[in-house]
Amino acid sequence: MDAIKAEFRAQAGMGFGNVQIDIIALVADGGTVMAERIDSWTVGGDQLVTVEIIGSFEVDTDGRIKRWRDYYELKSIMDQNAAPTG
C-alpha cells in the first residue's frame, strides 16, 4: 500500500494539483493485487477532475510492482475537462 501511495504522489508532480486517492476496495491473492479507487485532482489550479478506476498490480517477492494496469472510462475525464469552470 505504501509503494502504491508513493507512486501516486510521484505522478502528482507531473502537472496535477491537489491529488486525492480514495481506496474503495483492495484485494490480494499471492502476487496479484486489485484496487478499486476514486482519483481526484485539479487541473490549471482550480478545475476538479474525478475518475473511478480499477487498478491491477503484479507484485514480485520483494513487494515491488512489476506490472500495473489501470482501467477507467476516458470519456468521463474528457467530459470534465470540457466542462466550463466557475
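Annotations for the structure displayed:
- Tally of residues being polar (S, T, N, Q) and surrounded by 14 or more Cβ atoms within 10 Å (Cβ to Cβ) across the stretch 32-86: 4
- Test set (1) at pLDDT below 95; (2) part of a strand (DSSP E or B) - M34 fails condition number: (1)
- Residues in the stretch 1-31 that are at pLDDT 85 or above and either surrounded by 12 or more Cβ atoms within 10 Å (Cβ to Cβ) or on the phi < 0 side of the Ramachandran plot (or both): D2, Q20, I21, D22, I23, I24, A25, L26, V27, A28, D29, G31.
- Check on V33, over 27 Å from Q80 (Cβ atoms) and in contact with a Leu (Cβ under 9 Å, 6 or more places away or on another chain): yes
- Residue in the stretch 58-65 that is in a strand (DSSP E or B) and touching an Asp or Glu at 6+ places or on another chain (Cβ under 8 Å) present: yes
- For I53, the requirement of being under 13 Å from the mean Cα position of the chain (by Cα), modelled with pLDDT of 95 or more and in a strand (DSSP E or B) is met.
- Here is the figure for the stretch 68-82: residues that are among the acidic types (D, E) and either modelled with pLDDT of 90 or more or under 26 Å from E58 (Cβ atoms) (or both) total 2.
The values are calculated or read from the model by the stated rules, or taken from the named source; none is laboratory data. Because the structure is a prediction, the values reported are computed rather than measured. Here the Cβ is made from the backbone with ideal geometry for all residues, glycine too, and neighbour counts use every protein chain on show.
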